[in-house]
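The values are calculated or read from the model by the stated rules, or taken from the named source; none is laboratory data. In this text the structure is predicted, and so the values were computed from the model without any measurement. With ideal geometry, Cβ positions are generated from the backbone for all residues, glycine too; neighbour counts draw on all protein chains shown. Just so you know, the surface numbers come from the protein's heavy atoms only, side chains and all, with ligands and any DNA or RNA stripped out. Shrake-Rupley method; radii C 1.70, N 1.55, O 1.52, S 1.80 Å.
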Amino acid sequence: MDKNKLWKWLLLGFLLLWSITLVTPPVSVKDENGKVIKPGKIKLGLDLQGGSSFVVEVDEVDVKQKMIESDEKINSEKDISASMLKEKISNVQDSAVEMIRNRIDVLGTTEPEIYPEGEKRIVVRLPGADKATRDEARMMIMRDGVLSFKLVASESSVWVRELINAGTIPTGFNYAGEDGQGPFFIRDHESYPGELDREYYTSLKTLGDKYADFMLMADRHSDGSTIYRPVYVERRLQLGGNTIENALVTSDPMSGYPEISLEFNDEGRTDFGKVTEANVNRRLAIILDDTLYSAPNITEPILGGRASISGAFSNQEARRLVNVLRAGALPGRVYIVEERTVDPTLGKDSISSGIRAIIYGGIAVLVFMGVYYLVPGMIANFSLIFVLLLLPLGMMLSAGFLGAATGSLEGGEVGLPTLTLYGIAGIVLTIGMAVDANVLTFERMREEWKVGKSISGSINAGYNKAFSTILDANVTTLLTAIILFWKGSGAIRGFAVTLSAGILVSMFIVLIITRLFFNTMADGGMLKSVKMMAIPFLQNANFDFVSKRRIAAGLSLVLIIGSWVNFFIKGQDNFGVDFTGGSVMTFEFSEKQDLDVVRAALSDAGFSSANVAYQSGLESKDGQNAEFLEIKVGASGDEATPALTAIENLPGSYENIKNDSVGSQIGKELQRKGISAIIWSLIGIIIYISIRFEFAFAMGAIVALAHDVLITIGLYCAFGRDLSMPIIAALLTIVGYSVNDTIVVFDRIREDLKLVKGKSYKEIANLSINQTLSRTFLTSFTTLLTVIMLLFVGGGAVFDFALALLIGIVVGTYSSIFVATPVVLLWHKEEKVQ
């Protein structure tokens, strides 16, 4: 064996060892007590292991307000420059990451991921979080944690009496009478069914138009019910909560109800003593996040540095407040713009479905390649195994490169990316697309063998002639994957990383390692001929495709116009919550309720226009194909909670197993990103093909791509499916796949233009389409095998994604024959090659 071959074998061995080491052990190793003794190398996304994720955004309005309050040089928003605001938001973002991490850590969630994203967002991922943990995490994230000590206005009782006498009662409350502590209100849920959140309490402050803030303090009535006492609180801050050293949940020795004990540091002890000493016989208002919790009377100076907060809260709420106070106040207000939840059981089902799709798709491709291409097919099968083994290394390198190139390394370190359901889809797709380079090479080797070349000559000529086609086809697909990573986020980026890794690894294996296999076998006398099966109508094909271009154009127009008329009729119903904002909730149940009952429950909760449907395709907890209820409402976050509660209260044990909630702002942003990603992909392809071929070829490719995208979107929506970010990922994959198909034909046209003389451009184009027909058919067939496995085995979560791919691959194959080349001919109508 010569040194060149030896070094290649050694390189393959080294890369395989490195790649396998990256994923060993793949999952966590636990002892008999369930304790993790060796963490797994593969990090699973929330869609595979269940859990919740939140995207939190710094409130720009609140940051501006705090800048005005804290800086004497800033009197209004006009004094705040764009650079000043950007720097302040960045500082708030950095501090908020640490504060939120401190709050989440007390929940005991395994390996939470909390990191900044973009200029003002924070991503919080909680793997394996159940409903209780999710709800508590949401509350911990949303709380400012700003503790304030103010004084109750001296005229408070007089002003409150004036309000009641005038009949000015806060919305959502009724006047219920008086007791020894003064008048009180009770809740009126019919007039205001919403939550008493931060925004509600803020809106109450101006009630009565006084120079103090109107506030409500929850208290317990003698019968144990919750009542609300009206109080006017001075606006001047006496003491902040930044000097709190510790907080504990204790019990009121008189009532036995929970209360919160506060302990100040040395500075706070001194300041608190001064405040209480100067205001004996006044009431001290203790406020957390604009909510008045207690207002005790100061009977004497408190010099010991201790205080307590009492109120009508439960032990659980008291514990939450203590955790927030211990973690510290957020430097600025934040709000949740996106929330996604997957039940852990559904995540396990997704893993098993994804693995089955990989196994079945892989077996189908391996069997076909072995049967059709015989010995070369078996070599190709070995190459596919090597592709899968090297994929972890490819994913790590791709993630590092893409993250560095786009400035978006999560956590700032290079490692294996989180494996998501769409990452598994990318692996399945990689299997199908990796076959393409082998098919291209084998068909070239067959042609060279037919003209009488030796086995070594056929191998080398086949690889040399296929190289430029493989390079051009894969570079354009890689370009779309890079743009997808740049414009996407979360699971979409995982898919882009897997697709990029698959392209790079398969090119390395096919162009270097598979060729090494062939040359080693040929030099050793183990391979003496190129024997492969053939499909008769594909060999020496001589179909007049070009003459049918007008018929094909008519068919395409009918499909585009027909499907898009339906698209425009449906309007906004074509778009999922990723683009419109809102929530999609999925429920499993033990006893199915009529849709009219479901709609009535949602209507009573204030969601009369909700979309409601029973769906099938997901797996239930016992692994059986089951039916699920899916509802779609226009509200997101806390505003959608009443809809979720209404369904869970239905008879039949309805349980929420999946929840996607997207704010309208981020929905519009995702819509812009999706359109931008497609436009940038098309621009990149125009530039690349114009450089590698000529402008006419670029126009042919772009028209074909526009054709494929329009028909795929039109037919996909005609099947009643919603457009979402995963479908944008599918469309970009289709763009890459379609241009891959088209470039194979274009490359053969370019080659035939140099070899064939005396024929018209149209005849040479038709000849090239026929010469590549076998490759076009076989590659589409093997890719469709894996996509079909995703469609029927991959589980309901990737069904839409696989459906879009299925439509796109069929349409892309058609357009590479009947659309792209006829467009090129418009620039070379009656031109003859001399």
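One table, with the values for the structure above:
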quantity	calculated
Over the stretch 625-764, volume per residue of the alpha carbon convex hull, in Å³	145
Gyration tensor (Cα) of the stretch 276-341, equivalent ellipsoid semi-axes in angstrom	30, 14, 12
Signed unit charges on C-beta, dipole axis of the chain, positive-most listed residue 354, 774, 394	774
Degrees separating the helix 421-450 axis from the principal Cα axis of the chain, which is the longest one	10
Virtual spin-label span in nm between residue 237 and residue 61, 7 Å along Cα→Cβ	2.0
In degrees, nearest ten, helix 60-70 long axis to first principal axis of the chain (Cα)	40
Full-extension gain in nm, residue 211 to residue 526, via 0.36 nm per residue minus C-alpha separation	103.8 nm
Spacing of the two label points (7 Å from each Cα toward its C-beta) at residue 4 and residue 87, in nm	6.0
Check: the stretch 524-659 dipole with +1 on Lys, Arg Cβ and -1 on Asp, Glu Cβ, in debye	1400
Linear extension gain, residue 561 paired with residue 190, 0.36 nm per residue minus alpha-carbon span	128.7 nm
Against the rule of thumb 2.2 N^0.38 Å, how large the Cα Rg of the chain comes out	1.16
Distance in nm between pseudo-label sites at residue 537 and residue 179 (7 Å out along the Cβ direction from Cα)	8.7
Antiparallel bridge percentage (DSSP; both residues within the chain; nearest 5)	95
Residue 464/residue 753 FRET efficiency (R0 22 Å; Cβ-Cβ; nearest 0.05)	0.75
Listed residue (659, 731, 81) projecting farthest to the positive dipole end of the chain, Cβ model	731
Peptides 811-818, 287-294, 56-63, 298-305 ordered by average Cβ neighbours within 10 Å, highest first	811-818, 287-294, 56-63, 298-305
Between 0 and 90°, nearest 10: helix 344-406 axis offset from the chain longest Cα axis	30
Average Cα contact separation per residue, the stretch 56-214, under 8 Å, 6 or more apart, as relative contact order %	13
Potential extension, residue 454-residue 106 segment - 0.36 nm per residue separation minus Cα distance	118.2 nm
Electrostatic dipole magnitude of the stretch 746-805 [Cβ: Lys, Arg +1; Asp, Glu -1; Cα centre; debye, to 20]	380
Options 118, 671, 24, ranked by Cα towards positive dipole end of the chain, top entry (Cβ charges)	24
Relative contact order for the stretch 648-793, counting Cα pairs under 8 Å that sit 6 or more residues apart, in percent	16
Estimated dipole of the stretch 193-271 in Debye, rounded to 20 [Cβ of Lys and Arg +1, of Asp and Glu -1, Cα centre]	320
Contact order normalised by residue count of the chain, Cα under 8 Å, 6+ apart, percent	14
Residue-normalised accessible area of the chain, expressed per residue, 1.4 Å probe, Å²	44
Among 738-751, 155-168, 260-273, 439-452, the order from most to least packed when residues are scored by Cβ within 10 Å on average	738-751, 439-452, 260-273, 155-168
